[in-house]
Number of protein chains: 4
Amino acid sequence: MQGLKLTARSDKPRTVVEAGPLRLGAGFAVIAGPCSVESELQLLTIARAVKAAGADALRGGAFKPRTSPYAFQGLGLKALKILEKARRETGLPIVTEVLDPRDVSWVSEFVDVLQVGARNMQNFSLLKEVGKGSRPVLLKRGMHSTIEEWLNSAEYILSAGNPRVILCERGIRTFEVYSRNTLDLSAVPAVRELTHLPIIVDPTHGTGRISLIEPMSLAAVAAGSDGLIVEVHHHPEEALSDKAQALLPAAFAALVRRVRAVRSCVEALS
Amino acid sequence: MQGLKLTARSDKPRTVVEAGPLRLGAGFAVIAGPCSVESELQLLTIARAVKAAGADALRGGAFKPRTSPYAFQGLGLKALKILEKARRETGLPIVTEVLDPRDVSWVSEFVDVLQVGARNMQNFSLLKEVGKGSRPVLLKRGMHSTIEEWLNSAEYILSAGNPRVILCERGIRTFEVYSRNTLDLSAVPAVRELTHLPIIVDPTHGTGRISLIEPMSLAAVAAGSDGLIVEVHHHPEEALSDKAQALLPAAFAALVRRVRAVRSCVEALS
Amino acid sequence: MQGLKLTARSDKPRTVVEAGPLRLGAGFAVIAGPCSVESELQLLTIARAVKAAGADALRGGAFKPRTSPYAFQGLGLKALKILEKARRETGLPIVTEVLDPRDVSWVSEFVDVLQVGARNMQNFSLLKEVGKGSRPVLLKRGMHSTIEEWLNSAEYILSAGNPRVILCERGIRTFEVYSRNTLDLSAVPAVRELTHLPIIVDPTHGTGRISLIEPMSLAAVAAGSDGLIVEVHHHPEEALSDKAQALLPAAFAALVRRVRAVRSCVEALS
Amino acid sequence: MQGLKLTARSDKPRTVVEAGPLRLGAGFAVIAGPCSVESELQLLTIARAVKAAGADALRGGAFKPRTSPYAFQGLGLKALKILEKARRETGLPIVTEVLDPRDVSWVSEFVDVLQVGARNMQNFSLLKEVGKGSRPVLLKRGMHSTIEEWLNSAEYILSAGNPRVILCERGIRTFEVYSRNTLDLSAVPAVRELTHLPIIVDPTHGTGRISLIEPMSLAAVAAGSDGLIVEVHHHPEEALSDKAQALLPAAFAALVRRVRAVRSCVEALS
C-alpha cells in the first residue's frame, strides 16, 4: 500500500504493544467495560466483574463523542479519577477515549491506553498529539474509511514518534440496517498482511445488536484478531449511553471462555 | 421481520436441505469447483481434486452472468453434459447457476442444486420458476440487498411451493476497495435467528482476494455458517473468468482441513 | 470506458429514440402516470390529467417487481388492455415494465416502450430478449450499479440488435435515510460524455419523498437530462403501490411548467 | 427531525449569514479560490481572477487535512498573512479551514469565515470551539454523515452561542467510482425544509472531475442552493493539492455567468 513507511509490514516482526499486564499482538487480549463511566459504584461493579471473567484491560468513557449536543457528554475528570481507582483495585490497565488534542497530555497521566474514536480517525491534530506522547493508542477505523486511509492515520502517529498503535475494526457504514454497522472482518487479515501492528475487533459497535456479538466475536478470533473490545454493563437498560448493546457480566464471562477456546483451536492449526 | 410467513423461524426446527449425499443445515458442507466449466479435461481434473480434498458437492458455471456482452458467457448445454459426467465419476452432486426462467425446467434434469445469483436475487420471474420446481435452490444475497429483502426473495420460492432453499452470503458492495466486496458475516447469525433455512458463505466472491479466503472461511465457520462455496481451479491464471480469486487444489485441501477443525471446536462450545 | 463498442460516444451524433410522438434525445420529454395500473377508471383519469398537463408519454405498471410475494403483483394482460385504451383516447405512447424474457414479445404488441427496471439491470436474459426486439427500451440504473456496469447493460441491448435505448437514473442505495435512494445527478453529465444515448431522470424513486421531487426535477434539467419520468396519481393515499411518492395532477402540471421554463433557460446558455 | 432545537426550521425566517460583503442566504453567493495557498504570487493571481469573474469571497487552505502525513500540510501562518493581503487588495472576504480547536481563536483574527471540513464534521471539540467564537462557520457535511447527524453538528455550534452557520454539501461516499464522491443534491431541498440555515454546494469535491463541475453547479442552483464553493487555479497541473479538479479562471468566469443566469430563471419561477 503506497505511502506507508513506518506502518507497512515489510520485513519487521509484528509489533507487540504493552500497557502494564496488557500485551497486544502476543496472545489474545480482551478489553471490556461500560460505554461511559457513570459513577464510582457502577464502574467498580463492572470492573470487578470483567476482571473475574478474565478481561485483560478495562474500558470506560470519560469524554463521549455524541451526535447531539444535548446528550450525556461524559463525566470528564471525575470519570478519570474513578477509572484510576478501578485500576488500583483490580490491577487492570485503563483504556479511555480522548477527543481533544488539549486533553492528550493530562489525560495520559490517568490512563494506560488512549483511544482515538471512529469519528476522529482523520482528526489530524489529535493524531499528531497522541503521536507526540508515549501512551499506546487504540486507533479505531472510521465508519467511512478505507483500510488505506486508516493505515495512513496510523502512519501519522508513528511518524510523530509513537510506535505503540493498536488498530481496531469497529464496523463500517453501509445500506444494511439489521446491524447498526457492518463489521468488516476482512479488515483483520488485510491489516495483518499490510502492517506489523496489532489489530483488534469491536463487536459491540460493529453490530449494535446483543444477539450478534458472540458469533461475531468468535468469527473475529478465527479471522486472526489479536483481541476484542467489548461493552459490558450490569444494568444495560439504565446505561446513560449505548443501552441496547452492552453485555451482562455473565454473558461476557461465557463469551470470554468461548473466545479463548476458539483461539486455542485456531493457534493449533498453523 | 415483517411479512415473512414461510421463511420466518417461528417454532419450526431448522430445515435440512438434501441433494444426494449433500445435507445442508446438518453438519458442515463444502461446495467447490471452478467459476466456469471450460472443458471436460478442466472440469474432471478439478472435480477429482475437490473430491479428494473432501468437498461435498461440485460447482461449475454453464451460464455466466457477465457484466460485458463480449465476455465469455459459458458453454451452456455442453457444460451441463460435462457436469453430469463429473457427477457420474465422482459421486458429487452438482450446483450450477440458472439465469433464465425458461432454463429452469430442462437444466433441472442435469443438476442437483440450482443457484440463483446475486444479480438475480430480485428477478422475481426466476424466483417463481425455481419455486415451482423441486430442485434445491441456492439463493445468493444481492450485492445491494438488505437481509430483509433477501429473505423476502426466499419467501417467493417457498410460497411458490419449493421449501428447499439454501441462503448464501457473498459480500455486499461498499466503498472499500481492498476487497472486491465486503463479506457481511453478521448475516450468518442474523439469518439463523430470523429463519429456519440453512446459510452458507462464499468467501471467493465475498473477498475477491486469495489471501483473504482462508481467514474469512474460518471466520464464517465460527460465526455459525452451515457451509462454504469456494472457487477452485488447477490453472487459475488460464481461467476464462474470475482468474484472480480461485484457490489451487492444494490450498483448497488445506482450507478444508482447517475449516473442519474449527467447526469441531465451535460445535464443542455449545 | 473500456469495452463499450456500440454504446460509447466516439464521434457519433447523439441518438434520438422515437416512439410515436415521443422523441427522446431531441428536446425535453416528460413521461408520467401511476406506479401501477389499478383499473380503467384510475388509468384513464390519470392519463387525461397528465396529457392536459403536457406529458409526452404515459407510464403504468402491468407487472410489478415487489419485494414481497404477498404484495400486489400487477394486473398483467388486463392492465395492458387498459393502457392500450388510454393510448387510443389520449394519443400518448405507453411505457411499461417487463420482468420476464417470455413476456417481451407479446407485451411489445401492446406498448410503445419497454422498461427494464433497476432490479433487472443485470438480468442478462431479459436484456438479450429486449435487444432482439425493436421496441425502444428504457433501461433503469440498478440501485447498486456503477455507471460502467449500467452502460455495459445497454451494450447488451445494442449488441443484440436494438439501438433504441433510453437510460434512466433513478437513485442509488447509500447510507442516507432521509431520501429513499440517493439520486446521483452526476450520472447525467457522465452518461452524456460517455455515450450517445439519451438519458432521463426518475425523481420519484430517486427521492421517495414528495417535497424533494420538484427541486430534484429542476436540478435534473439543469444537469442536462433529456427528460423525466414521474409518478402521478389522483388519489395517492389509495394507490396499491408507492403511495407516499406520487404527485397529484395539479402539482404535476405545475412541475411541467417549471421544468420547461428551466429547460429553455439552460438551452439559451450554450 | 428529532432533537434539533436551534437549528430546526420551525417558524423562524431563513437565516442570512453575513461576512463583510458576503451575504449567505440572501441572493446567490460564489466562493472561489485554490485548494491550498501556495505562495503570494499564486494566491494574488487567483484572487484577482475570481474577483474579476464575480466571486463574492475567496477560499484558500492554510492548514490542509491530508490523508498522508507526508503530503503537503499547508503553509499555516504564512498562508494566513497572504490571505489577509489578498483581502486588502480585492476586498473579498476570506474563507479558510481550521483543523484544531487551539487554532480557532487566533485564526479568527485573520479570516472572515472558518470552515469545518468533512473529516471534522463530528470533531465535537472543534465544533464547540467555533461555537464559542463569533466568526461565521462553513460546516461541510461528512462524507459518511446522514443529514440528521450533520444538522446535529450544526446544533453543537448554535447551542454554544454562535448562530452564524452555513451548511455545505460536498458529496458522500458510495460505491460509484466515476466521480470521486456522489454529490447528494437532494440534501439541498432537505436542508431547506428542515432548517433555517443557508446551504451551499461544493461541486469540486462533490465530483472530483472537471467535466462534471459545471453541470452539477447548474443543478445545485436549480435545486435551491444559496451558493457554491469552487476550486480555481491558474496552473492546476502544478497545484500542490487537488490538481485534477481545479477550474481555470476562464472556465470559472463562464461558470459564474451561467450559474447566475439559471438562478435568475429559477427565482422567476416562484
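The values are calculated or read from the model by the stated rules, or taken from the named source; none is laboratory data. Note that the structure is predicted; figures quoted are calculated from it, not measured. Note that we place each Cβ from the backbone using ideal geometry, even for glycine, and neighbour counts take in every protein chain shown.
Results, tabulated for the structure shown:
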quantity: Any chance B:THR174 is β-branched (Val, Ile, Thr), assigned to a loop (DSSP other than H, G, I, E, B) and either within 14 Å of chain C (Cβ to nearest Cβ) or buried (at least 24 other Cβ atoms within 10 Å of the Cβ) (or both); calculated: yes
quantity: Count of segment D:223-236 residues which are more than 10 Å from every other protein chain (Cβ to nearest Cβ) and either crowded, with 23+ Cβ neighbours inside 10 Å or under 17 Å from the mean Cα position of the chain (by Cα) (or both); calculated: 8
quantity: Residue that is nearest to A:ARG66 (Cα to Cα) [pool: residues in segment A:226-257 that are in a helix (DSSP H, G or I) and touching an Asp or Glu at 6+ places or on another chain (Cβ under 7 Å)]; calculated: A:LYS243
quantity: Within segment A:154-167, considering residues that are within 9 Å of chain D (Cβ to nearest Cβ), of a type outside the set (A, V, I, L, M) and out of contact with any helix residue (DSSP H, G or I) (no Cβ under 6 Å at 6 or more places or on another chain), the one surrounded by the fewest Cβ atoms within 10 Å (Cβ to Cβ); calculated: A:SER159
quantity: Unmet requirement for D:PHE72, which otherwise passes all of (1) over 19 Å from the mean Cα position of the chain (by Cα); (2) within 14 Å of chain A (Cβ to nearest Cβ); (3) more than 25 Å from D:PRO203 (Cα to Cα); calculated: (3)
quantity: Unmet criterion (only one of (1) away from chain A (no Cβ under 12 Å); (2) surrounded by fewer than 23 Cβ atoms within 10 Å (Cβ to Cβ); (3) closer than 27 Å to B:ARG119 by Cβ) for B:ILE210; calculated: (1)
quantity: Candidates A:ARG102, A:ARG66, A:ARG48, A:ARG59, filtered to the one that is more than 13 Å from every other protein chain (Cβ to nearest Cβ) and either at pLDDT below 95 or surrounded by fewer than 20 Cβ atoms within 10 Å (Cβ to Cβ) (or both); calculated: A:ARG48
quantity: Residue pairs meeting the criteria (Cβ under 8 Å; at least 6 apart or on separate chains; first touching a residue at least 24 places away in the same chain (Cβ under 8 Å) and under 8 Å from A:ILE82 (Cα atoms), in segment A:32-46; second part of a loop (DSSP other than H, G, I, E, B) and polar (S, T, N, Q)); calculated: none
quantity: Listing of strands (runs of 3 or more DSSP E) fully contained in segment A:1-115 that carry 2 or more residues being within 30 Å of D:VAL104 (Cα to Cα); calculated: A:94-97
quantity: Flag if A:PRO249 is within 8 Å of chain B (Cβ to nearest Cβ), in contact with a helix residue (DSSP H, G or I) (Cβ under 6 Å, 6 or more places away or on another chain) and at pLDDT 95 or above; calculated: no
quantity: Selected residue (only one of B:ALA246, B:ALA220 is under 30 Å from B:PRO13 (Cβ atoms) and surrounded by 24 or more Cβ atoms within 10 Å (Cβ to Cβ)); calculated: B:ALA220
quantity: Test for D:ALA239: is it at the interface with chain C (Cβ under 8 Å from one of its Cβ atoms) and either touching a His at 6+ places or on another chain (Cβ under 9 Å) or free of Cβ contacts under 8 Å to residues at least 40 places away in the same chain (or both); calculated: no
quantity: Tally, over segment B:116-144, of residues that are under 29 Å from C:SER145 (Cα atoms), of a type outside the set (S, T, N, Q) and not in a loop (DSSP other than H, G, I, E, B); calculated: 14
quantity: Where a residue in segment A:177-189 is at the interface with chain B (Cβ under 7 Å from one of its Cβ atoms) and its partner, wherever it lies, is of a type in the set (A, V, I, L, M) and part of a loop (DSSP other than H, G, I, E, B), with Cβ under 7 Å and at least six apart; calculated: A:LEU185/B:LEU185; A:SER186/B:LEU183
quantity: Selection from segment A:190-207 of residues that are of a type outside the set (Gly, Ala, Ser) and either at the interface with chain B (Cβ under 7 Å from one of its Cβ atoms) or in a helix (DSSP H, G or I) (or both); calculated: A:VAL191, A:ARG192, A:GLU193, A:LEU194, A:PRO203, A:THR204, A:HIS205, A:THR207
quantity: Residues satisfying the stated conditions in segment B:136-149, i.e. facing chain C (nearest Cβ under 10 Å) and without any contact (Cβ under 8 Å) to a residue 40 or more places away in the chain; calculated: B:GLY142, B:MET143, B:HIS144, B:SER145, B:THR146, B:GLU149
quantity: Considering residues of segment C:179-207 that are within 21 Å of D:PRO203 (Cβ to Cβ) and of a type in the set (Ser, Thr, Tyr) only, the residue surrounded by the most Cβ atoms within 10 Å (Cβ to Cβ); calculated: C:SER186
